[in-house]
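Chemist: Can you read through this structure? Questions will come right after.
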Amino acid sequence: MTEAAREEIRRLAGLYEHRQSALIPALFVAQQEAGYLSPAVLESVAEVLELPVTEVTSVASFYGLFYLEPVGRHMVHVCTNLSCMLNGCQRLLSRMQEVMGIQPGETTPDGRFSLRAAECLGACEEAPAVLVDEDRWAAVSPEGVEPMLERYR
Amino acid sequence: MATEAAMPESVLLRWVRTEGMAEIEQYRRAGGYDAARRVATELTPDQVIEMVAASGLRGKGGAGFPTAQKWKFIPKAAPVKYVVVNGDEGEPGTFKDRTLIEGCPHLLVEGILIAAVTIGARKVYIYLRREFYRGRLLLDAAIAQARAAGFVGERIFGSDHAVEIVVHPGAGAYIAGEETALLESLEGRRAMPRQRPPFPAVAGLYQQPTLVQNVETLCHLPVIIGLGPERYKELGPPVLFSVSGAVVRPGVYEAPLGVTLRSLIFDHAGGMRPGRRFKAAFPGGVSSVFLTEADLDVKMDPDSLRQAGTMLGSAAVIVVDDSADMVEVMARAVEFYRDESCGKCTPCREGTAWIAQVFERILHGRGRSEDLALLEGIAGGMTGTCFCPLGESVPPGLVASLRLFRDEYERRIAAGATDGR
Ligand SMILES: Cc1cc2nc3c(=O)[nH]c(=O)nc-3n(C[C@H](O)[C@H](O)[C@H](O)COP(=O)(O)O)c2cc1C
Ligand code: SF4
Ligand code: FES
């Protein structure tokens, strides 16, 4: 972990009465930098926040948005919850699988994309909803998959 | 998106749907921050609580608890108190909080200031789900603008009050929306619900008195103070409904409490798609028991919906049409609970896994005739035994589906393998 990341985590810790409160934001800082939370990265976070590494690992493993294994350069979340299911997310997801050549939970061999089925993204009026990295895509059709993915190299 | 046709008289969406409301100048020109200023400089806490009580405001996060009553539970004399904003918005079908934050983040900031000053909290944490990246940017900017204007920080509005606001990210766990699990998460732990009592109002964040309040609930406060509780009630009282699923115009609609389900779907959301028929609707997110055609005229308010055997919850209406298979709908709901169960208690952890397993075999043509009784049995075993409402919300919907759509289950089981789906 870089000194800049450590510094940022120390700043975050200062926002709370108890430094453990900064754990989740700190894990995002670390993940953003390293791509995923390897044991070494988790250890660094534990060290900066002066927390037991077992606690840090246990917390990281609880939450869906922390990646404990390597992931692709771009994370594609396809919502499969009810409103999106009622708007054809299955066809969308199948098309994604076809284009990427992977199943949900997997990463393309070139490391470009990881694909995940997601729970409700809080964007049901745009069903089927997709999140690519930090971008929300509305009402994506199976035909729209390739042009959308083109934007992410 | 859709929805511009909504209501000219809207009192909340008006802020969201007006261009430029993420900018403080625009917001102030429209009267923004006047209510918070009055609360900080003119009104006593008791006066504010009385206004909120008179408005009848109830929590919009799901439980529908009367807001003023919750404020009264906060011990006045406690030296340290917190406001924690619940912006986790994870209940499937719900997107009104995101809409509010993206459309008018200052409305939330102003609501926060009103709540914090009234209960005497100096520190506010906004627990915002991580996936709301755009909302986060807008909210950070709005807080910075409000700080520069002297409305956030020390001596806000020139008064003796100080309010600090920190935005904190969620990390992708539905259960973190439950208020005590949210506090655990905010303390940097796994989001697992705490034993209640003590309630957060008495011992919440870091064991201090804490007001946990939903984003929308807080956004009502400037409107209530601004219009006065009487006028606010006359104009509704307004509720934001998230309408989605198989309707022509999905979106957030403001309608008076007590609007009928029919009016919401057919007047506001444009009705069913061409050639499609209404089949069912979840009135308050996936956690609420769905309603069917016979219930279309039910009033969307907590009491009427309770009488109809369901709840208003987060006022998220998910509409299902006749092209959908109710067994698949329920299977998806159950899968959601299985994956989002925090694992703390056995009935929920094991029950949801077991139910999901039974659904899987029914959907894959391996259902057995005794499976429906088995599902009823598992549901019975979970009822009243789960530690928190996540687990408790599974049996009612499941049992209702077994009663009202039994033919669909039976057809599935009789037909055997149909699949690939
Ligand atoms: C499983 C579960 C998930 C919940 N998710 C949310 C949520 O995402 N947002 C929310 O505001 N309330 C949620 N709640 C309700 C909160 O526990 C709490 O009642 C609410 O935040 C209180 O604020 P209010 O009175 O303003 O509604 C959830 C409750 C449960 C049981
Ligand atoms: S009911 Fe489910 S979500 Fe709630 S505490 Fe038990 S296991 Fe966790
Ligand atoms: S169900 Fe897909 S965004 Fe809500």
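Chemist: Calculate the spin-label point distance for residue B:353 paired with residue A:40, positioning each point 7 Å from the Cα along the beta-carbon direction, and give it in nanometres.
Modeler: So the label points at residue A:40 and residue B:353 sit 3.4 nm apart.
Chemist: Using the heavy atoms of the protein chains alone and a 1.4 angstrom probe, what is the accessible area of the stretch B:326-419 per residue in square angstrom?
Modeler: Accessible area per residue, the stretch B:326-419: 43 Å².
Chemist: Percent antiparallel among DSSP beta bridges with both residues in the stretch B:81-192, to the nearest 5?
Modeler: Working: 1 of 13 bridges.
In the stretch B:81-192, DSSP labels about 10 percent of beta bridges as antiparallel.
Chemist: On to the next question. In straight Cα distance, which aspartates and glutamates are under 12 Å from residue B:123, not counting same-chain residues fewer than 8 positions off?
Modeler: Residue B:123 reaches A:17, B:154, B:164.
Chemist: Test of understanding: what is the full-extension gain from residue A:91 to residue A:32, defined as 0.36 nm times their sequence separation minus their Cα-Cα distance?
Modeler: Working: separation 59, 0.36 × 59 = 21.24 nm, distance 3.08 nm.
Extra length from residue A:91 to residue A:32 when fully extended: 18.2 nm.
Chemist: With unit charges on the beta carbons (Lys and Arg positive, Asp and Glu negative) and the dipole taken about the Cα centre of the protein assembly as shown, which residue among B:40, B:355, A:111 sits farthest to the positive side?
Modeler: Of the listed residues, the answer is B:40.
Chemist: Of all beta bridges DSSP finds with both residues in the protein assembly as shown, what is the antiparallel percent, to the nearest 5?
Modeler: Roughly 45 percent of the beta bridges in the protein assembly as shown run antiparallel, per DSSP.
Chemist: Would you mind getting me the FRET efficiency between residue B:277 and residue B:346? Use the beta-carbon distance for r and R0 = 41 Å, nearest 0.05.
Modeler: Approximately 0.50, to the nearest 0.05.
Chemist: Something else about it: Angle check, please: helix B:45-55 long axis (alpha carbons) against the longest principal axis of chain B (alpha carbons), in degrees 0 to 90, nearest 10.
Modeler: Value to nearest ten degrees: 40.
Chemist: Next question. Could you give the length gained by full extension between residue B:54 and residue B:308, i.e. 0.36 nm per residue of separation minus their alpha carbon distance, to one decimal place?
Modeler: Details: separation 254, 0.36 × 254 = 91.44 nm, distance 2.67 nm.
Computed gain between residue B:54 and residue B:308 is 88.8 nm.
Chemist: Out of the stretch B:314-421, which GluC sites (Glu not before Pro) are coil in DSSP terms and have no more than 13 other C-beta atoms within 10 Å? Write down the numbers at each step before the final one.
Modeler: On the way: sites: B:328, B:335, B:340, B:350, B:360, B:370, B:376, B:392, B:408, B:410; in loops: B:370.
Hits after loop and neighbour filter: B:370.
Chemist: Along its principal axes, what span do the Cα atoms of the protein assembly as shown show, with the longest given first and each in whole Å?
Modeler: 72, 58, 47
Chemist: Still on this structure, I have one more. Per DSSP H run of n ≥ 4, the term is -39500 (n - 2.57); total these for chain B, divide by its residue number, and report the mean residue ellipticity at 222 nm rounded to 500 deg cm²/dmol.
Modeler: Working: 18 runs with 179 residues, N = 421.
Rounded to the nearest 500, the figure is -12500 deg cm²/dmol.
Chemist: Let me ask something additional. Rounded to the nearest 20 debye, what is the charge dipole size of the stretch A:3-62 about its Cα centre when +1 sits on each Lys and Arg Cβ and -1 on each Asp and Glu Cβ?
Modeler: Working: 4 positive and 9 negative charges, 23 e Å.
About 120 debye.
Chemist: Share of antiparallel DSSP beta bridges in chain B, in percent to the nearest 5?
Modeler: On the way: 16 of 38 bridges.
The answer is about 40 percent antiparallel.
Chemist: Now for a different question. Write out the GluC sites (Glu not before Pro) in the stretch A:1-98 meeting two conditions: DSSP loop, and at most 11 other Cβ atoms within 10 Å of their Cβ.
Modeler: Working: sites: A:3, A:7, A:8, A:17, A:33, A:43, A:47, A:50, A:55, A:98; in loops: A:17, A:50.
Those satisfying the criteria are A:50.
Chemist: What accessible surface, in Å², does a 1.4 Å probe find on residue B:137, ignoring ligands, DNA and RNA and rounding to the nearest 10?
Modeler: Its accessible surface works out to 120 Å², give or take rounding.
Chemist: Label-point separation (nm) for residue B:76 and residue B:207, each offset 7 Å from Cα along Cα-to-Cβ?
Modeler: 2.6 nm
Chemist: Something else: Using a 1.4 Å probe and counting only protein heavy atoms, arrange A:2, B:94 so the residue with the most accessible area comes first.
Modeler: From most accessible down to least: A:2, B:94.
Chemist: Go through A:49, A:27, A:75 and say which Cα lies farthest out towards the positive end of the charge dipole of chain A; charges sit on Cβ, +1 for Lys and Arg, -1 for Asp and Glu.
Modeler: So the residue furthest toward the plus end is A:75.
Chemist: Round to the nearest 0.05 the FRET efficiency obtained for residue B:166 and residue B:44 when R0 = 35 Å and r is the Cβ-Cβ distance. Display every interim value, and only then the final one.
Modeler: Working: r = 27 Å, r/R0 = 0.78.
That gives a FRET efficiency of 0.80.
Chemist: Also: Run the 1.4 Å probe and let me know the accessible area of residue A:59, rounded to the nearest 10 Å².
Modeler: Rounded to the nearest 10, the figure is 0 Å².
Chemist: On the full set of protein chains, 1.4 Å probe, figure out the accessible area of residue B:399 and give it in Å² to the nearest 10.
Modeler: 60 Å²
Chemist: How large a share of the accessible area of the protein assembly as shown, in percent, is made up of carbon and sulfur atoms when the probe is 1.4 Å and the other protein chains stay in place?
Modeler: Numbers: 11400 of 22410 Å².
Roughly 51 percent of what the probe reaches on the protein assembly as shown is carbon or sulfur.
Chemist: Here is a further query. May I ask you to rank A:86, A:37 by accessible area, largest first, using a 1.4 Å probe over the protein chains only?
Modeler: Values: A:86 35, A:37 0 Å².
My answer, sorted largest first, is A:86, A:37.
Chemist: Quick check for me: using +1 on Lys/Arg Cβ and -1 on Asp/Glu Cβ, what's the dipole size of the protein assembly as shown about its Cα centre, in debye to the nearest 20? Don't skip to the end; give the middle numbers.
Modeler: Details: 60 positive and 73 negative charges, 131 e Å.
That gives the protein assembly as shown a dipole magnitude of about 620 debye.
Chemist: Let me ask something else about it. Which log10 I(q)/I(0) values does the stretch B:2-232 give at q = 0.11, 0.15, 0.17 Å⁻¹ under the Debye formula, counting every alpha carbon as one identical point scatterer?
Modeler: -0.49, -0.97, -1.29
Chemist: Can you tell me the FRET efficiency between residue A:153 and residue B:141 if r is taken as the Cβ-Cβ distance and R0 is 35 Å, rounded to the nearest 0.05? Don't skip to the end; give the middle numbers.
Modeler: Values: r = 29 Å, r/R0 = 0.82.
After rounding to 0.05, the efficiency reads 0.75.
Chemist: How about the stretch B:351-397: which trypsin sites (Lys or Arg not before Pro) there are in a DSSP loop, with at most 15 other Cβ atoms within 10 Å of their Cβ? Before the final figure, lay out the partial values.
Modeler: On the way: sites: B:361, B:366, B:368; in loops: B:366, B:368.
For trypsin sites (Lys or Arg not before Pro) across the stretch B:351-397 that sit outside H, G, I, E and B with at most 15 neighbouring Cβ atoms in 10 Å, the list reads B:366, B:368.
Chemist: At 1.4 Å probe size, put B:362, B:413 in order of accessible surface, largest to smallest. Before the final figure, lay out each step's value.
Modeler: Values: B:362 0, B:413 30 Å².
If we order B:362, B:413 from most to least accessible, we get B:413, B:362.
Chemist: Okay, moving on. What's the magnitude of the charge dipole for the stretch B:2-232 around its Cα centre, counting Lys and Arg as +1 and Asp and Glu as -1 at the beta-carbon? Answer in Debye, nearest 20.
Modeler: Details: 27 positive and 26 negative charges, 89 e Å.
Value, rounded to 20: 420 debye.
Chemist: A further question follows. Compute the angle between helix A:53-62 and the longest alpha-carbon principal axis of chain A, please, reported from 0 to 90 degrees and rounded to the nearest 10.
Modeler: Helix A:53-62 sits roughly 20 degrees off the main axis of chain A.
Chemist: In whole Å, how far is the Cα centre of the stretch A:26-43 from that of the stretch B:320-387?
Modeler: The stretch A:26-43 and the stretch B:320-387 have Cα centres spaced 35 Å from each other.
The values are calculated or read from the model by the stated rules, or taken from the named source; none is laboratory data. Just so it is clear, the model here is predicted, and its values are computed rather than measured. Positions of Cβ are generated from backbone atoms using ideal geometry, with glycine treated the same way; all protein chains shown enter the neighbour counts. Just the protein is used for accessible areas: all its heavy atoms, side chains included, with ligands, DNA and RNA removed. Shrake-Rupley method; radii C 1.70, N 1.55, O 1.52, S 1.80 Å.
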